[in-house]
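All remarks here apply to the structure that follows.
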Amino acid sequence: MAQLVELRSIDVVPDEERHGTAFSQFTLWLGANLQITAVVTGALAVVFGGDVVWSVVGLLLGNLLGGAVMALHSAQGPKLGLPQMIQSRAQFGVRGAVVPLLLVIVMYVGFFASGSVLAGQAVGELTHTDDTTGIIVFAAVTAVMATAGYRVIHALGRVASIVCALAFVYLAVRLLDRADTSALLHDAHFSLPVFLLAVSLSASWQLAFGPYVADYSRYLPRTTSTKATFWWTLSGSALGSQWSMTFGVLVAATAGETFLDSQVGYVVALGGTGLAASFFSFVIALGKLTVNVLNTYGGFMSMVTSVSGFRGQRRLSRAGRAAYIGLVMVAGTAVALLGKDSFLSSFKDFLLFLLTFFTPWSAINLVDYYVVSKERYDLPALADPHGRYGAWRWDALAVYAAGLLAQLPFLATSFYTGPLVHPLGGADISWIVGLAVPALLYWLVARRDTVAGPNPDRGANPSAVEPAAP
């Protein structure tokens, strides 16, 4: 058991501790996406006015586009052996990275909460208690699994990928047996705003994995092919999410209010009664456990990264690890209990809100890693505020702010609608702007710095070699 409990946190994984193959990314991300919240995300495309055909197409496009960005982050893990957000110090500075990190922590707490609401319903059914008890029990189990760390998380992903895949095949057969598929396929009415909403829903789902995806590839051997890591991550995540979201589209189109009133209850009843119902309650809880463990682990990593940037901390004790994970659990559980009665109405805006803040971060991180620094970082300098990357990179933070502001005219949510949304027919294309504008601006800033000559107090030097892990 001692070998199963991870000892490392934000420190570099040395070569002698690397293990596994790129295929592990497929099973992990397949299992993490075959779950009830992805089903609800797909259903939202229909709930907000889409038909079956164009909702499925839009969701597929978003999953492929967002999944490609997410998989590019995953490919950084084997090369650097570091958690995802530590790498942000090369772009924003050792302390400046705390700016996107604070938003990442909010994201993890939000996803922990939304997952706990649905899983709590399933656990309540299994334990013959209520939703509140189910949420608390589920949160406690999640914290235990996250504390164990990397190996246990991947083992959980392998189990979930098999169990949940078989369960969703059976549920799809049951659903198609009830549905008039011919009528659903012929009722196609393309609407650009609704289509782009479907694209945005699935793209935001995928992009939200970006800030922690390399956390689960960083133990792969340094020699692991970048292409293999990219394609296995993309295929697992896109296949799992599209599978779940397509199921959600069909459920919303056929069940209507029955599904909206009780998402978990409908899916469980679709599977059967008695022992079958108990099994599908377990499947829902297992799928949510997989992704909520990722959210808890990612939240803990982000908190440690934020604090260590100011304290100079490189390692973390087991007690410290448990304390950080406990904070994520308590915060997420509190939000879940407060918002469990208004889940569906707020989840869409939460997803699009996340997209607004993480597309600029993704653009800056990927341009710096693949284009500017050519996949090579000075790893010890990532922990030194007086080193090559400095404490604060104000130019990168300004680019990040510009990326946020550039999206506002194109953003459409219930609490804010930008002035350019109406001329576009109500379509929300803010996430496209949020990728393109900061990517170009950061490249221009980095190119200017390269022409001016390397400055050890500012950004990544594209000619910097990657030293051996300390």
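The values are calculated or read from the model by the stated rules, or taken from the named source; none is laboratory data. Everything numeric here is computed off the predicted structure, so don't read it as measured data. Because the Cβ atoms are built from the backbone with ideal geometry, glycine has one as well, and the counts that use them run over all protein chains shown. SASA here: full protein model, heavy atoms, side chains in, ligands and nucleic acids out. Shrake-Rupley method; radii C 1.70, N 1.55, O 1.52, S 1.80 Å.
With a cut-off of 13 Å between beta carbons, the residues surrounding PHE230 carry a summed charge of +1, where Lys and Arg count +1 and Asp and Glu -1. Overall dimensions of the range 121-184, expressed as equivalent-ellipsoid semi-axes from the Cα gyration tensor (√(5λ), whole Å, largest first), are 31, 19, 8.
Sorting 114-123, 413-422, 220-229 by their mean Cβ neighbour count within 10 Å, with the most densely packed peptide first, gives 114-123, 220-229, 413-422. With contacts taken as Cα pairs under 8 Å at a separation of at least 6 residues, the range 119-190 carries a relative contact order of 16 percent.
For the chain, adding -39500 (n - 2.57) for each run of n ≥ 4 DSSP H residues and dividing by the number of residues yields -23000 deg cm²/dmol at 222 nm. Expressed as a whole percent, the accessible area of the range 119-254 that falls on carbon and sulfur atoms is 67 (1.4 Å probe). Of all aspartates and glutamates in the structure, those lying under 19 Å Cα to Cα from LYS227, and not within fewer than 8 positions of it along the same chain, are ASP215, ASP368, GLU375. Taking only alpha carbon atoms, the chain gives an Rg to Rh ratio of 0.97, where Rh is the Kirkwood radius. A Cβ-based charge dipole, computed about the Cα centre of the chain with Lys and Arg at +1 and Asp and Glu at -1, lands at about 1320 debye. Measuring with a 1.4 angstrom probe and ignoring ligands and nucleic acids, GLU6 comes out at about 10 Å² accessible.
For the range 224-331, the solvent-accessible area of protein heavy atoms averages 37 Å² per residue (probe radius 1.4 Å; ligands and nucleic acids excluded). Enter the accessible area of ASP215 (Å², nearest 10), with the probe set to 1.4 Å and all protein chains included. Its heavy atoms expose roughly 0 Å² to the probe.
Protection proxy ranking, highest mean first, for peptides 14-22, 258-266: 258-266, 14-22, where packing is the per-residue count of other beta-carbon atoms within 10 Å, averaged. Among the protein heavy atoms of the range 255-298, carbon and sulfur supply 68% of the accessible surface, probe 1.4 Å, non-protein parts ignored.
Ranked by the mean number of other Cβ atoms within 10 Å of their residues, highest first, the peptides 152-165, 127-140, 65-78 come out as 65-78, 152-165, 127-140. Screening the chain for whole DSSP H helices with an alpha carbon extent of at least 24 angstrom along the helix axis and a mean Kyte-Doolittle hydropathy of at least 0.5 yields 52-74, 98-127, 131-148, 150-178, 226-255, 275-311, 318-339, 343-366, 430-452. This model, with +1 at the C-beta of Lys and Arg and -1 at the C-beta of Asp and Glu, gives the range 118-256 a dipole about its Cα centre of some 720 debye. Across the accessible surface of the range 351-450, with the other protein chains kept in place and a 1.4 Å probe, carbon and sulfur atoms take up 71 percent. Looking at the range 266-327, the trypsin sites (Lys or Arg not before Pro) that sit in a DSSP loop and have at most 12 other Cβ atoms within 10 Å of their own Cβ are ARG315. Per residue, the accessible area of the range 54-154 comes to 27 Å², computed with a 1.4 Å probe over protein heavy atoms only.
To the nearest 10, the accessible area of TRP243 is 80 Å² with a 1.4 Å probe.
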